[in-house]
1. Helix check for the chain. Which DSSP H runs span at least 27 Å along their own axis by Cα, with a mean Kyte-Doolittle hydropathy no less than 0.5?
2. Express the relative contact order of segment 151-295 as a whole percentage, based on alpha carbon pairs under 8 Å and six or more residues apart in sequence.
3. Run the numbers for GLU254 and HIS206: contour at 0.36 nm per residue of separation, minus the present Cα-Cα distance, in nm.
4. Eigenvalues of the Cα gyration tensor times 5, then square-rooted: what semi-axes does that give for segment 121-258, in whole angstrom, largest first?
5. Can you tell me, using C-alpha contacts under 8 Å and at least 6 residues apart, the relative contact order of segment 60-106 as a whole percent?
6. If you average the sequence gap of Cα pairs under 8 Å that are 6 or more apart and divide by the length of segment 32-294, what percent do you get for the contact order?
7. Write down Rg/Rh for segment 32-294, rounded to two decimals, with Rg from the C-alpha atoms and Rh from the Kirkwood relation over Cα pairs.
8. Based on DSSP H runs of at least 4 residues, each adding -39500 (n - 2.57), what is the mean residue ellipticity at 222 nm of the chain after dividing by all its residues, to the nearest 500 deg cm²/dmol?
Amino acid sequence: MSTLEAGDLKSARTRLLVAPKLMRRLHRRLGTTGMAAAGFVLLVAIAAVLAPLVAPYRPNTEDFLAVNATPSGAHLLGTDELGRDMLSRLIWGARTSLLGPAIVVGVATGIAVPLAAISAWFGGTVDLVISRVLDLIFAFPGLLLAILVVALYGPGLLPCAIALAIAYMPLIARVVRSGLMRERNKAYVSALDVQGVSAFAACARHLVPNVSSIIWAQVTVSFGYALVDLAALSFLGLNIQPPTADWGVMVNNETALLDGHPLQVLYPCLVIVLCVTSIAYIGNRLAGDEQGARR
């Protein structure tokens, strides 16, 4: 066996050993219910990414011979008032429904964590000023801010997502700052000061990684809240616009309710509830593990 083949074999063996360890570690942290919740969220995310491959039809393909059809072999979840396949619209709608919250938590966390680190590291006047600014933003309702942004820039996913990110940022920053303040007072931070480690290096390499569980807990919980808020904005006609497939748009279908087809509204509502519940449960498990570790 050549040296190259031996190296490939060793690398493959290492990967096979790491995967079960990672799964066991995740199971310890999330539990059986948490793993099921994570599996459901992962399944929805994969379906959203592979929508062109896994969806039976295009989201806006109309079949006027199967308007308001009940579930069947051709349409597993039936069709809507225009003959569009409900399952396909749910799968395609997952793209915008998950992309929006991802933008919200990504922007909010990207701003909140550096602000929290600066506040916790320097303290004093810097901490006071940042805290008061965060309190001011936190006092402004997120949905109201999104409505104001839509009034200025028009409806759309990006304006609503950025507005909600600004509204969510203070909460994430305050929680992360609390965890960083505890880390700041530990002995190893004083040792870093003695060694001449810069504030940026100390925060980036030590303090922030040590509160990663808190950050992930806030990210997951905020993701669920953002999903609901963006769906609500779509329901109000301020976010994604028809005929684009989106869970919030699908919920805003009063025609189906008036015509006696409640399943067309129930399907997207059920998916939203399951996603939010699963993500919130994962976040609560992560937060609970962090609290247990501090004890």
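Read-outs throughout are calculated quantities, based only on the coordinates presented, and are distinct from any laboratory measurement. From a predicted model like this one, the values you see are computed outputs, not experimental measurements. Glycine also receives a Cβ, built like all others from the backbone with ideal geometry; neighbour counts cover every protein chain displayed.
1. Length and hydropathy pass: 3-49, 86-122, 157-184, 212-235, 263-294.
2. The normalised contact order for segment 151-295 reaches 28 percent.
3. 12.0 nm
4. 40, 16, 11
5. Working: 54 pairs, mean separation 13.5, N = 47.
Worked out over segment 60-106, it gives 29 percent.
6. It comes to 23 percent, rounded to a whole number.
7. Rg/Rh: 1.08.
8. After summing the helix terms and dividing by the residues of the chain, the value is -25500 deg cm²/dmol.
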